[in-house]
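One structure is given here, and the rest of the page talks about it.
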Amino acid sequence: MSDVHRKWYYLIVLSLIWGSSYILIKKGLEGFNPVQLGVMRVLITSLFMAIIGFRSLRGISKEQWKWIAVSGIIGSFIPVFLFAFAQSEIDSSIASILNSTVPLFTIIVGFLWFGISFSLRQFLGVIVGLLGAIILIVLGASINPDQNYKFAGLVILATIGYALNANIIKSKLQDVSPLGIATGNFMVMVLPALIISVFSGVTDEEVVQGPYFMSSLAYIIILAIFGTCIAKVMFNRLIQLSTPVFSVSVTYLIPIVGVLWGLLDGELFKPQQLFAASIILLGVYLVNRKVQPKEA
């Protein structure tokens, strides 16, 4: 499989995995509060990563470890908690839609802090995709007027973290294996997660004996292994195969999967949102379309 086909394969698989993550977070919150869900997600993923990826840490330099630590905290640790808190107040489909702002922030961050250039067509593509996401948000707000959209700001903060992470990996960690980056990220996160878990009450009797404890735990395990561990390795590889802008274009496809899961779970959905979804896909096309050279 060529790199061109491989990056599109990763894009589609990641959209399916991460598009399903929001409904898993929603189900996980039935038995745990946002802090408890966050620490359990990090610790379960860290354990799994240590088992499959510890050897990949060999040969990582001190300079690379510095950027792995920054990447882990900004691109994984903080967003895990931000999304958990956000989804305690807004629907899973809305959270997946707001995640579509990542490509816009990736271009801005890449240009301002990393000196990465972009074309006008790419910028317009991101704007078009973002417009589609905004339409979806407006429709969602009209359908669910009781949603607390102040918590939507937490998702925006998380997307900025994702944008920083994509640029850090592309500019600073290109020579580190995707598995090594992901494993290193979570090894860095273990200590702060353990400290937070002590004060989270995750082992309290009322939590353990709660009616949703076992089902929510199962959802979090699935979320940790697939939505965090496996997907993160694939995403790191996708960044190395392509560009930061292409790699985060997966966030344009995530809302489609997220909305469908929300629909299956009883969240309100209207046919007009299909139009908004098509606008998002148009943005993906504009961002990634290669300009063919003119024949002489």
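List of remarks:
- Taking segment 81-103 as the range and being assigned to a helix (DSSP H, G or I) and polar (S, T, N, Q) as the test, the residues that pass are SER92, SER93, SER96, ASN99, SER100, THR101.
- For THR106: the one exception among (1) among the hydroxyl-bearing types (Ser, Thr, Tyr); (2) in a helix (DSSP H, G or I); (3) surrounded by fewer than 20 Cβ atoms within 10 Å (Cβ to Cβ): (3)
- Criterion applied to ILE221, ILE181 was being over 15 Å from the mean Cα position of the chain (by Cα), of a type in the set (Val, Ile, Thr) and buried (at least 23 other Cβ atoms within 10 Å of the Cβ), and the one residue passing it is ILE181.
- Summed over segment 13-48, residues that are surrounded by fewer than 24 Cβ atoms within 10 Å (Cβ to Cβ) and not in a helix (DSSP H, G or I) total 4.
- Leading residue by the ranking (nearest to SER247 (Cα to Cα)) among those in segment 109-120 that are without any contact (Cβ under 8 Å) to a residue 24 or more places away in the chain and assigned to a helix (DSSP H, G or I): PHE111
- With respect to the conditions (1) within 18 Å of GLY132 (Cβ to Cβ); (2) out of contact with any Gly (no Cβ under 8 Å at 6 or more places or on another chain), SER177 falls short on a single one, namely (1).
- Any hit, segment 191-212, residues being at positive phi and not basic (Lys, Arg): yes
- Check on SER76, touching an Asp or Glu at 6+ places or on another chain (Cβ under 6 Å), at pLDDT 80 or above and either polar (S, T, N, Q) or not in a helix (DSSP H, G or I) (or both): no
The values are calculated or read from the model by the stated rules, or taken from the named source; none is laboratory data. Not measured: the values here are computed from a predicted model. Cβ coordinates were reconstructed from backbone atoms using ideal geometry, including for glycine residues, and neighbour counts include every protein chain displayed.
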